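What follows is a short report on a single structure.
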Amino acid sequence: MTIAQALTTDNLTKVEEPAPWWRQASVYQIYPRSFADANGDGLGDLPGITSRADYLGALGIDAVWMSPFYPSELADGGYDVADYRNVDPRLGTLGDFDLLIEALHTRGIRVVVDIVPNHSSDHHVWFQDALADGRGSASRERYIFREGSGPEGSEPPADWESAFGGPAWSRVADGQWYLHSFAEEQPDLNWSHPEVRADFLATLRFWSDRGVDGFRIDVAHMLTKDLTEPFPSKAMLDAMPQDGQHPLIDRDDVHEVYAEWRALFNSYDPPRTAVAEAWVARSRVPLYASPDSLGQAFNFDLLEADFDADQFRTVVRDNLELAAASGSSSTWVLSNHDVVRHATRYGLPHPDRLPDGRPSVKHGSEWVLSGGVSPEFQAADGERRARAATLFMLGLPGSSYLYQGEELGLHEVAEIPDSQRQDPTFFRSGGADSGRDGCRVPMPWAASGSSFGFGPGDAHLPQPEWFSRYSVEVEEGDPDSTLSLYRQALGLRRKLQTAETLEWIETGRNDVLRFRRPNGWEVVTNFGLTAFPLDGARPLLASSSVDGDSLPGSTTAWVMPGT
Ligand code: NOJ
């Protein structure tokens, strides 16, 4: 080999491929029915989202993830899909979808859609056929139908419980029972059936061909099941280890499904991406995040942590290790459509700041949690901590998932009358759990007017009066608003983004975290009450106003030494 050739080869090996877009993306979750309503029927729709494309562009996000917009009876906010390859007519048409994708792609925003493979809607043609064709029919094989137990099969085949409360088996008119891990209107599909597998491949191809960049996979850990009889009892299931062989949860064989999906994703250029919603043991997350499987997995640890330095540090350390184990990048999330918004969680007293501690207002300002606690709620403290937590998260290596409305500092809406609630968790728990509607109330775009600019009519969930001061219209004009902070942070994040590592810097305080990214970008968060001296460093951006070089409590600053 000549010296020239050697140099060339050497140079070639040094040319680094740009990292795939999703590894450190900021992804904004849209809950389509509550984002923007173009036709005034009270439900958000695809043309509504398109009409707000400039807003999304100005926010500085890399991608949008859309919760389901497919035809649905809305038994579970759209996670009960009646037709996987179509748009709910109330939300638009496939043509509207194409226009939306074009509007977002033109602005450099990628599009991720939600795939719900564990269950369909009971209105799906397959389930309707299964009901019509009766016991023993081929159509029943696509779902999980069994005979009941007890006299004349009048008891369910097992005492399993649905994730939303109540029994996991329901009986149909001819006496057979079917399994639904969630609501009764969400029958579980039979993933041992080749037609089920083939049909989801067709769905993934359908949306990939339409230009979708990636997929979020709903309950990715529950598709495959070992339904050998006799069925174990719920108590036995609960006692079994979730080590890949559990009959219902996180089975090793689910990755055979995802290997097929991966081959399909990789047949596109660029490869389509996927992120797993997988509630599994920490040690098993890398299986889903592996490049041979879905490629990335949600990590809900930050969302489950309190606003606490120790907890945040542990979560970051553990998840960077996990990401390294799979070769994927980590994901971070503080709010989504299933949990109490983080501005509200952080406004509750310490022990109650849990994502499922659903607050509801009883008398004026008295907040009552599902656990029956009546804590004093501090809205402003919650917002301040939420801004600090968000700026901490956006400085981390990996991808950050943001949920619509959090960029406005929106709180959970607790004051929804029971008569207007929609979430099955409210109904199936007999009202004990007030459900997830409080984080799904339609966006306030304007300070006044019909549904605060959400649409020309009333919104499908009632918006409280206080939405006015969190509206885009109000916040756009205020340089200190949460919206202004998100815009600055997301813009700056793109410029500062660097290799996927961090180094912790000792602060001498156990309530202050500080880390440095490889290009010198530093993130400092003061979780405590006492100010922390920044020793001359001038923040590029801070989550609350900083006086001189002293970082006040509940505040994050981004610092670039030498600037
Ligand atoms: C997880 C989704 O995030 C949630 O909203 C839904 O209710 C369940 N999966 C069932 O599909």
Within the stretch 23-52, tally of residues that are within 19 Å of LEU99 (Cβ to Cβ), open to solvent by less than 20 Å² (accessible area, probe 1.4 Å) and part of a helix (DSSP H, G or I) | 5
Strands (runs of 3 or more DSSP E) contained in the stretch 82-183 and holding at least 2 residues under 19 Å from VAL196 (Cα atoms) | 110-115, 177-179
When both residues are 6+ apart or on different chains and their Cβ atoms are under 6 Å apart, which pairs have a first residue that lies in the stretch 417-445 and is outside any loop (DSSP other than H, G, I, E, B), and a second that is surrounded by 23 or more Cβ atoms within 10 Å (Cβ to Cβ) and modelled with pLDDT of 95 or more?
-> PRO424/ASP76; PRO424/ALA183
For residues in the stretch 184-224 being part of a loop (DSSP other than H, G, I, E, B), within 16 Å of the ligand (Cβ to nearest atom) and closer than 19 Å to VAL280 by Cβ, which is farthest from the chain's Cα centre (by Cα)?
-> TRP191
Picking from TYR55, TYR70, which residue would you name as being aromatic (Phe, Trp, Tyr) and part of a helix (DSSP H, G or I)?
-> TYR55
So which residues in the stretch 111-125 are within 16 Å of the ligand (Cβ to nearest atom) and either open to solvent by less than 50 Å² (accessible area, probe 1.4 Å) or within 27 Å of SER26 (Cβ to Cβ) (or both)?
-> VAL112, VAL113, ASP114, ILE115, VAL116, PRO117, ASN118, HIS119, SER120, SER121, ASP122, HIS124
Is the stretch 215-229 home to any residue that is of a type in the set (Phe, Trp, Tyr) and closer than 20 Å to PRO117 by Cα?
-> yes
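Of GLY108, GLY211, GLY166, GLY134, which residue is surrounded by fewer than 20 Cβ atoms within 10 Å (Cβ to Cβ) and at pLDDT below 95? Write out each step before concluding.
Working: GLY108 fails: at pLDDT below 95; GLY211 fails: at pLDDT below 95; GLY134 fails: at pLDDT below 95.
Just a single option satisfies the conditions, and that option is GLY166.
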Residue in the stretch 229-242 that is within 16 Å of the ligand (Cβ to nearest atom), outside any helix (DSSP H, G or I), modelled with pLDDT of 95 or more and of a type outside the set (Asp, Glu) present = no
May I ask you to list the residues in the stretch 298-344 that are part of a helix (DSSP H, G or I), among the β-branched types (Val, Ile, Thr) and in contact with a Gly (Cβ under 7 Å, 6 or more places away or on another chain)?
-> THR344
Give the residue that is most open to solvent (accessible area, probe 1.4 Å), with candidates limited to residues of the stretch 60-83 that are of a type in the set (A, V, I, L, M) and within 15 Å of the ligand (Cβ to nearest atom).
-> LEU74
Given the conditions (1) buried (at least 21 other Cβ atoms within 10 Å of the Cβ); (2) within 15 Å of the ligand (Cβ to nearest atom), which single one is not true for PHE97?
-> (2)
Within the stretch 427-456, can you find the residues that are open to solvent by less than 20 Å² (accessible area, probe 1.4 Å), within 16 Å of the ligand (Cβ to nearest atom) and of a type in the set (A, V, I, L, M, F, W, C)?
-> CYS439, VAL441
Cβ pairs under 8 Å, 6+ apart or interchain, first in the stretch 142-164 and charged (D, E, K, R), second in a loop (DSSP other than H, G, I, E, B) and within 16 Å of the ligand (Cβ to nearest atom), ordered by first then second residue, are GLU161/ALA168
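Looking at the stretch 306-326, is at least one residue within 16 Å of the ligand (Cβ to nearest atom), closer than 25 Å to GLN404 by Cβ and not acidic (Asp, Glu)?
There is no residue in the stretch 306-326 that is within 16 Å of the ligand (Cβ to nearest atom), closer than 25 Å to GLN404 by Cβ and not acidic (Asp, Glu).
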Residue hits (the stretch 387-406; in contact with a Lys or Arg (Cβ under 8 Å, 6 or more places away or on another chain) and of a type in the set (Gly, Ala, Ser)) are GLY395, GLY398, SER399, GLY405
Read through the list (1) of a type in the set (Phe, Trp, Tyr); (2) at pLDDT 95 or above; (3) open to solvent by 10 Å² or more (accessible area, probe 1.4 Å), then give the number of the only condition that PHE515 fails.
-> (3)
Somewhere in the stretch 461-481, is a residue loosely packed, with under 15 Cβ neighbours inside 10 Å and aromatic (Phe, Trp, Tyr)?
-> yes
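The values are calculated or read from the model by the stated rules, or taken from the named source; none is laboratory data. This is a predicted model, so every value here is computed, not measured. Reconstructed Cβ throughout: ideal geometry from the backbone, glycine too, with neighbour counts over all protein chains shown. Accessible surface areas use protein heavy atoms only, side chains included; no ligands, DNA or RNA. Shrake-Rupley method; radii C 1.70, N 1.55, O 1.52, S 1.80 Å.
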